[in-house]
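Notes follow once the structure below has been shown.
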Amino acid sequence: RLNDTTLAGANAEIPAFDRSAVTPGIVHLGVGAFHRAHQAVYVDDLLADDPCWGIIGASLKSTTTADALNPQNGLYTLAINGPKGASHRVIGSVLDILTARRDTAALLEIMSSPSIRILSLTVTEKGYCHDPATGRLDENHGDIRADLATPDAPSSAPGFIVEALRRRWQNGAGPFTVMSCDNLPTNGKTTRNIVLALAALRDDGLARWIENHVSFPGTMVDRIVPATTDADHAKIRMATGLEDALPVVSEPFIQWVIEDNFCAGRPPFERVGIDLVADVEPYEMMKLRMLNGAHSTLAYLGFLAGCETVAQVMEQPSFVKLISDMMSDEIIPTLNMPAGVDLAAYRDALIERFKNPGLRHKTWQIAMDGSQKLPQRVLGTIADRLAQDASFDRLALCVAGWMRYVSGSDERGNEIDVRDPLSSQLLAIAKEHMGNPAAMVRAYCGIRTIFGEELMLDERFATTLTAALERLYKDGAQQTVKKGGS
Ligand code: CS2
């Protein structure tokens, strides 16, 4: 089994630093596969230069990662699967993993310690307890109400951050930087608004202190990290010669763009290939609209067409054409990039990444939580196209694909396991309006937290979506995509 003692025998690249010299400087909330294949890898690259930035990971919901990795001293294997084969690397930047449920007090204590200077998080879109259409804190969210009732024993990410900041304010530890690494639009500002809103519900003085002292840099994070399968697990064991209870698998590509705004110091990020910029928003928007927008399109329509993985969807030229045309004609014209960014090259690189046969990225996995993802991935782009009086047929087909998908049964009548915080509302709408695409579109678009006030009422939006949903029901996803989506 992989651990500090067996590490040297691993048939893999191993950490290039002395782990016993590393001290914690970052607490990361949400130590899932994405964090472990992305931020933790960059930190692993820089610990030889500066050992005071080790990571204490925390799981807010489950105890699986802690139970798997703590017996391995936090070590885990990353398999990097390219089109031509895999390479393996053991990552040593995660020192310990706490769970919010079992280790609440210990987690708040480390978060309040002066040695922690960055609090980063990947808690997925729904972990922010916000309204996706407006980006504001949902004060009626069950977790937020619970955290206000028992602030010493929080369960949500905003609850932990606010309580830790309150303790730091009181004990003089000073602020830490709060760095969101989730696929939210303007993730720094959004996180700041949510944290400030929750703090203000507790104490105005605390909210003012956070406002004046805590920084919330925006980030753009990118790496495709599918859930690890049993087959991956077995291959990794064969390749490295060691058992690892929770390895991760990723593509070779990796990118991180960060707004250089750290109130309590930062690691030498620029030395490990991270781009530090004054304004991250154009990069964020490019990535959310092009990569994630295309990904969700492939996920809903590809799943309906019977494909299990993104690579399988990409074997079909009609799907490649659909997302390529969607990016060229409907997304790129809405982006405003700094000089030197070549969006056509970015589009072509994305298409190659999606085709990577070394990854088994399930369409079902990406299809999850659409109610939280669509606003920043697709709906903002559509709103911009409407404002320009321009066409958006392919983007509409993505949204119609989502509506068809969340209706809960596939084209052969089999049940779909729809995972979404709003799944019961989504399924109820389908049940009520099945057989009437126009009514379905009206009812789905009436969900204000997804569509927002403007799109909800836009007639052109409703008409275009209805036409797309009618085609999907009549011809099926495969044929509709073959006809070019418009
Ligand atoms: C995917 C993302 O699951 C999803 O919704 O679109 O996780 C995607 O793979 C990453 O954002 C890539 O950086």
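The values are calculated or read from the model by the stated rules, or taken from the named source; none is laboratory data. All values reported here derive from a predicted model rather than from experimental measurement. Here Cβ is always computed from backbone atoms with ideal geometry, including for glycine, and neighbour counts include all displayed protein chains. The accessibility values were calculated without ligands, DNA or RNA, using every heavy atom of the protein model including side chains. Shrake-Rupley method; radii C 1.70, N 1.55, O 1.52, S 1.80 Å.
The local environment of LEU75, defined by Cβ-Cβ distances under 9 Å, has a net charge of -1 under the rule Lys, Arg +1 and Asp, Glu -1. Converting phi to 3J(HN,Hα) with the Karplus coefficients 6.51, -1.76 and 1.60 and the offset θ = phi - 60°, segment 349-354 yields 5, 4, 4, 5, 5, 5 Hz in sequence order, with x at every glycine or proline.
Mind ordering 236-246, 120-130, 271-281 by average Cβ neighbours within 10 Å, highest first?
Details: 236-246: 17.4, 120-130: 22.5, 271-281: 15.1.
Highest to lowest by the protection proxy: 120-130, 236-246, 271-281.
In plain terms, the chain from GLN365 to THR229 could stretch by 47.7 nm, reckoned as 0.36 nm per residue minus the Cα-Cα distance. With point charges of +1 on the Cβ of Lys and Arg and -1 on the Cβ of Asp and Glu, referenced to the Cα centre of the chain, which listed residue (MET326, LEU148, LEU298) lies farthest in the positive direction of the dipole? Final value for the positive-end residue is LEU298.
Which sequence of LYS474, LYS373 reflects their accessible areas, 1.4 Å probe, from the largest down? Provide the component values of the computation, followed by the final result.
Working: LYS474 165, LYS373 25 Å².
The residues order as LYS474, LYS373, largest area first.
Among the listed pairs LYS126/LYS474; LYS126/LYS189; LYS189/LYS355; LYS189/LYS362, those whose Cα-Cα separation exceeds 24 Å are LYS126/LYS474; LYS189/LYS355; LYS189/LYS362. A straight Cα-to-Cα reach below 16 Å connects LYS431 with the aspartates and glutamates ASP410, GLU411, GLU415, ASP417, residues fewer than 8 places away in its own chain not being considered.
Taking a 1.4 Å probe, which of VAL341, VAL313 shows the most accessible area, and what order do the others take after it? Could the numbers behind the result be given before it?
Details: VAL341 50, VAL313 0 Å².
Descending order: VAL341, VAL313.
Taking every alpha-carbon pair under 8 Å whose residues sit at least 6 apart, the chain reaches a relative contact order of 14 percent.
Within a straight-line Cα-Cα reach of under 12 Å, LYS373 can be paired with the following aspartates and glutamates, leaving aside sequence neighbours fewer than 8 residues apart in one chain: GLU125, ASP131, ASP182, ASP420. When the square roots of the Cα gyration tensor eigenvalues are ordered a ≥ b ≥ c, the ratio a/c for segment 301-408 is 1.5 or more and a/b does not exceed b/c, which makes its shape oblate. Positive end of the dipole of segment 136-279 (Cβ unit charges, origin at the Cα centre): among ASN171, ALA199, PRO267, the Cα lying farthest that way belongs to ASN171.
Adding -39500 (n - 2.57) for every DSSP H run of four residues or longer, then dividing by how many residues the chain holds, sets the calculated 222 nm ellipticity at -13000 deg cm²/dmol.
Using the crude model of +1 on Lys and Arg Cβ and -1 on Asp and Glu Cβ, and no other charge, please compute the dipole size for segment 357-486 relative to its Cα centre, in debye to 20. Let's see the in-between values first.
Values: 17 positive and 16 negative charges, 89 e Å.
I would put it at about 420 debye.
Converting phi to 3J(HN,Hα) with the Karplus coefficients 6.51, -1.76 and 1.60 and the offset θ = phi - 60°, segment 416-424 yields 9, 7, 7, 9, 6, x, 9, 4, 5 Hz in sequence order, with x at every glycine or proline.
Here the spin labels are modelled as points 7 Å beyond Cα on the Cα-Cβ line, and at THR23 and LEU148 they lie 3.9 nm apart. Its Cα centre serving as origin, segment 31-117 has a Cβ charge dipole (Lys and Arg +1, Asp and Glu -1) of approximately 360 debye. Taking other residues whose beta carbon is less than 12 angstrom from the beta carbon of LEU46, and scoring Lys, Arg as +1 and Asp, Glu as -1, yields -3.
Could you estimate the translational diffusion coefficient of the chain from the Stokes-Einstein equation, with Rh from the Kirkwood formula over C-alpha pairs, at 20 °C and 1.002 mPa s, in whole µm²/s?
Details: Rh = 23.3 Å.
For these conditions, the coefficient is 92 µm²/s.
Heavy-atom accessible area with a 1.4 Å probe sorts PHE319, PHE303, largest first, into PHE303, PHE319. Within the same chain, aspartates and glutamates fewer than 8 places from LYS483 are excluded, and of the rest, those with a Cα less than 16 Å from its Cα are ASP325, ASP393, GLU470, ASP475. Computed on segment 218-310, with alpha-carbon pairs under 8 angstrom and 6+ residues apart, the relative contact order is 29 percent.
Straightening the chain between ALA339 and SER62 buys 95.4 nm, computed as 0.36 nm per residue apart minus the Cα-Cα spacing. For segment 296-336, what class follows from the C-alpha gyration tensor (a ≥ b ≥ c being the square roots of its eigenvalues): rounded when a/c is under 1.5, otherwise prolate if a/b is larger than b/c, else oblate? Prolate, since a/c reaches 1.5 and a/b exceeds b/c. Relative to the dominant Cα principal axis of the chain, helix 204-213 is inclined by about 80°.
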